[in-house]
Amino acid sequence: MEPDLFTSAAEDRQEREPSSSPLAVRMRPRVLDEVVGQQHLLRPGSPLRRLVGEGDGGPAGASSVILWGPPGTGKTTLAYVVSKATNKRFVELSAITAGVKEVRAVIESAKRQSGGYQRDTVLFLDEIHRFSKAQQDSLLPAVENRWVTLIAATTENPYFSVISPLLSRSLLLTLEPLSDEDLRGVVHRALTEERGLAAAVTLPEDTEAHLLRIAGGDARRALTALEAGAGSALAKGERTLTLATLEEAVNRAAVAYDRDGDQHYDVASALIKSIRGSDVDAALHYLARMIDAGEDPRFIARRLMISASEDIGLADPTALTTAVAAAQAVAMIGFPEARITLSQATIALALAPKSNAAILAIDAALADVRAGKAGPVPPHLRDAHYKGAKKLGHGAAYQYPHDLPGAIAAQQYAPDGVHGAQYYTPTRYGAEARYADILDRVRDRLSGRGD
């Protein structure tokens, strides 16, 4: 039997015994007009509406689409709606369990259905980012020749996780986290409709506010928490779902963070940018998200070390020392105690004076080198220790700075091509102000202008 997204047997049982399915499944929209949020994807003439047969595209057929968005934003729901509304044959595969063999079987069957019965096939592929490059390659002929119309769902950035040829042959539709108003509509519908909780419990405002907060824009999480809380309330003989009962049932909010996916990089980026912006509270928030998700403390510590040089530098020379010490400490102690060390380092870096002069300096120097401005080392700076070096003029006329007042010799150090180039431009923030004053005097002495 070919794979099918929602078998008729399961649907029949759901109608007879609503409680046999989770609340999030029972409340799944049945038509596009019931979909909450994502209205930017549901306008008349949109690819999704054309997939369900709305409107006449004429000679332009429905396009394959890639649905990209966080969990609980409606990717599977949209596929379900298409499966219910379309006249096309609908097949579902999960990249977790399927491979090239299953993909090819679907494609061959789709070609037979198209040629023999003039019936088009829609293939829903969940978690496409779990497919290897070779597995994704197997989809290309079918998508390109429109043997199947592909609906692929992913929580990962498709530009990293989906091969370019498949992206170029599909429309990328981005789903956004649901707003509190969107979630409120979902929750109210679940509370009142017969297929939901059928008014078995009521939801006070404070409980609703907490429910929306822990949902974090995820409708599935909101309905799962609501079902758990309602079950606890009814078990205690209560018709009102109180805040205390909901907190007992849910325990804690699951943080949206995937150590192997986009959230890993997005939250790490937000941590560093918050430190750079001196917002210590935001930095601690992102640090807490990484810790709570079980992020490797060594990864966090490495990011802090980079920030200490990239964003603080000589404005506070102790910042790098603090970050390195934190990295050494977390490597030795691990979680949960390492959270304290990481917190200390994060606070110190966020509140330190900021300077990006170090990274600007090395990048400017690298740009000149890569532009071919390297040039030969001046003869007086070349190695003069080996036999015959002096005959070549190496080291001749070199002035030993320690023999001179102030230990600075007015001689050329840079190659001719970049002689006089100034890469380091210190700020006047924090301790770097001292370096700025010193640098002015040193450059004058090196040029022979100083005392």
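The values are calculated or read from the model by the stated rules, or taken from the named source; none is laboratory data. Remember, predicted model here, so these are calculated numbers, not experimental data. Using ideal geometry, Cβ is built from the backbone for each residue, glycine included, and neighbour counts are taken over all protein chains shown. Side chains included, ligands, DNA and RNA excluded: accessible areas come from the protein's heavy atoms. Shrake-Rupley method; radii C 1.70, N 1.55, O 1.52, S 1.80 Å.
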- Given (1) touching a Lys or Arg at 6+ places or on another chain (Cβ under 7 Å); (2) in contact (Cβ under 8 Å) with a residue 60 or more places away in the chain, number of the condition THR155 does not satisfy: (1)
- Message: Looking at region 304-321 only, could you name the residues that are touching a helix residue (DSSP H, G or I) at 6+ places or on another chain (Cβ under 6 Å) and open to solvent by 40 Å² or more (accessible area, probe 1.4 Å)?
- Response: MET305, SER309, GLU310, LEU314, LEU320
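Between ASP368, ASP363, ASP311, which is in a helix (DSSP H, G or I), at pLDDT below 90, under 28 Å from ALA433 (Cβ atoms) and among the charged types (D, E, K, R)? Please lay out each step first, then the result.
Working: ASP363 fails: at pLDDT below 90; ASP311 fails: at pLDDT below 90.
The unique qualifying residue is ASP368.
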- Which of the residues belonging to region 184-208 are without any contact (Cβ under 8 Å) to a residue 40 or more places away in the chain, open to solvent by less than 50 Å² (accessible area, probe 1.4 Å) and farther than 15 Å from GLU238 by Cβ? VAL187, ALA198, GLU208
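Criterion first (open to solvent by 100 Å² or more (accessible area, probe 1.4 Å), of a type in the set (D, E, K, R) and either more than 30 Å from LEU349 (Cβ to Cβ) or at pLDDT 80 or above (or both)) does ASP416 satisfy it?
Details: open to solvent by 100 Å² or more (accessible area, probe 1.4 Å): yes; of a type in the set (D, E, K, R): yes; either more than 30 Å from LEU349 (Cβ to Cβ) or at pLDDT 80 or above (or both): yes.
Taking the combined requirement at face value, the residue satisfies it.
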- Test: residue in region 203-224 that is basic (Lys, Arg), under 25 Å from MET290 (Cα atoms) and assigned to a loop (DSSP other than H, G, I, E, B): no
- Exception for VAL330 within (1) buried (at least 16 other Cβ atoms within 10 Å of the Cβ); (2) under 30 Å from ALA436 (Cβ atoms); (3) more than 24 Å from the chain's Cα centre (by Cα) falls at (2)
- Query: Just for region 423-437: of the residues that are farther than 15 Å from ALA364 by Cβ and of a type outside the set (Ser, Thr, Tyr), which one is surrounded by the most Cβ atoms within 10 Å (Cβ to Cβ)?
  - Reply: GLU432
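Inside region 272-296, can you point out the residues that are part of a helix (DSSP H, G or I), open to solvent by 20 Å² or more (accessible area, probe 1.4 Å), in contact (Cβ under 8 Å) with a residue 40 or more places away in the chain and not charged (D, E, K, R)? Lay out the reasoning, then the answer.
From region 272-296, those part of a helix (DSSP H, G or I) are 272-276, 280-292; that's our starting set.
Subset that is open to solvent by 20 Å² or more (accessible area, probe 1.4 Å): 273, 276, 280-282, 284-286, 288-289, 291-292.
Next, from what is left, pick out any that are in contact (Cβ under 8 Å) with a residue 40 or more places away in the chain: 276, 280, 284, 291.
Selection gives VAL280, LEU284, ILE291.
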- Can you name the condition, by its number, that GLU238 falls short on among (1) exposed (fewer than 15 other Cβ atoms within 10 Å of the Cβ); (2) under 30 Å from ARG184 (Cα atoms); (3) more than 23 Å from the chain's Cα centre (by Cα); (4) at pLDDT below 85? (4)
- Pick from region 1-29, criterion modelled with pLDDT of 80 or more and basic (Lys, Arg), ranking: surrounded by the most Cβ atoms within 10 Å (Cβ to Cβ): ARG28
- Task: Considering only region 410-443, state which residues are farther than 27 Å from GLY313 by Cβ and not polar (S, T, N, Q).
- Result: ALA410, ASP416
- Task: For residues that are touching a residue at least 12 places away in the same chain (Cβ under 8 Å) and among the basic types (Lys, Arg), scanning just region 88-108, find the one that is farthest from ARG49 (Cα to Cα).
- Result: ARG104
- Task: Run VAL187 past the list (1) under 29 Å from VAL25 (Cα atoms); (2) of a type in the set (A, V, I, L, M); (3) within 21 Å of the chain's Cα centre (by Cα); (4) not in a loop (DSSP other than H, G, I, E, B) and report the number of the one that doesn't hold.
- Result: (3)
- Could you list all residues from region 79-131 that are of a type in the set (Val, Ile, Thr) and open to solvent by 80 Å² or more (accessible area, probe 1.4 Å)? ILE96, THR97
- Query: Does region 175-182 contain at least one residue that is at positive phi and open to solvent by less than 50 Å² (accessible area, probe 1.4 Å)?
  - Reply: no
